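Just so you know, all these numbers are worked out from the coordinates, no wet-lab data involved. Only a predicted model underlies this, so the values are computations on that prediction, with no experimental measurement involved. Note that each Cβ is placed from the backbone with ideal geometry, even for glycine, and that neighbours are counted across all protein chains shown.
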Amino acid sequence: MVNNTEYYIPTSSGRAVYEEKRSRFISYLEMVETEEQAKAFIADIKKKNYDARHNCWCYIIKDGPERYSDDGEPQGTAGIPMLEVFRHEEITNVVCVVTRYFGGVLLGTGGLARAYTKAAKDALTDAGISVVRRWIECNISCPYPIYDRIRVEATYCGGIVTETNYGKDISITMLIPKEAYESFKRTVSDISSGSLETKFLNVVYKAAPVK
């Protein structure tokens, strides 16, 4: 049976560096599936950056725990702001560590919260966001003049183009959300005056990049 659950995860590992008043914030992000994997990632970053003043972290596991640590920063200025970045984007199966090398200038509680928020956001931007959901994989062979229109319509309904091959016509392989597939087929037929066929290939449940 195909799973119908939809959720968001990081597309890949992420890393970013941010400096504020001589303090250096290095953020590391990873997609994980278990709390054990998250803890192992945190331990690895702490070992790597053993000489840093702080290694603050958070993680969210799908159908599991949410955890965070300020690691010596004033309470509520690091772990929670980082966690809120992923809550806001509805990201799960994610662990993030932000290492701070203190630059000698105090940032204050507001400054720290903003810095850790930015560090987490920058790491997520570097990693990208994917949606895990049920898709219809399909293919359309279309003339060059309406290629852009097909791509726009696919994007409009939440679809993703996964492969494009150029020949006499353009062959486009796409993932279309299951619930939007029939509507997308009708739109393709309308804009091509019935000349194009949307070929069904498969039903898949997988992650695909959306940001």
**OP:** Taking semi-axes √(5λ) of the Cα gyration tensor in Å as the quantity of interest, determine which of [x] 23, 22, 17; [y] 27, 20, 14; [z] 43, 18, 13 was computed from the displayed structure.
**Re:** [z]
Subject >> All aspartates and glutamates inside 12 Å of residue 46 as judged from Cα atoms, apart from same-chain residues fewer than 8 positions distant >> reply: 71
Original post:
Scanning the chain for helices, which whole DSSP H stretches are 24 Å or more long along the axis (Cα) and average -0.5 or more by Kyte-Doolittle?
Top reply: 108-127
Original post:
So between residue 163 and residue 47, what do we pick up on full extension, going 0.36 nm a residue minus the alpha carbon distance?
Top reply: 37.7 nm
Original post:
Do you know the relative contact order of the chain, to the nearest whole percent, from alpha carbon pairs under 8 angstrom that are 6+ apart?
Top reply: 25 percent
**OP:** Tell me the label-point distance for the pair residue 36, residue 186, using the 7 Å Cα-to-Cβ offset, in nm and rounded to one decimal.
**Re:** 5.0 nm
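What number, rounded to the nearest 500 deg cm²/dmol, is the helix-based mean residue ellipticity at 222 nm of the chain, given -39500 (n - 2.57) per DSSP H run of at least four residues and division by all its residues?
Details: 5 runs with 65 residues, N = 211.
Per the formula, -10000 deg cm²/dmol.
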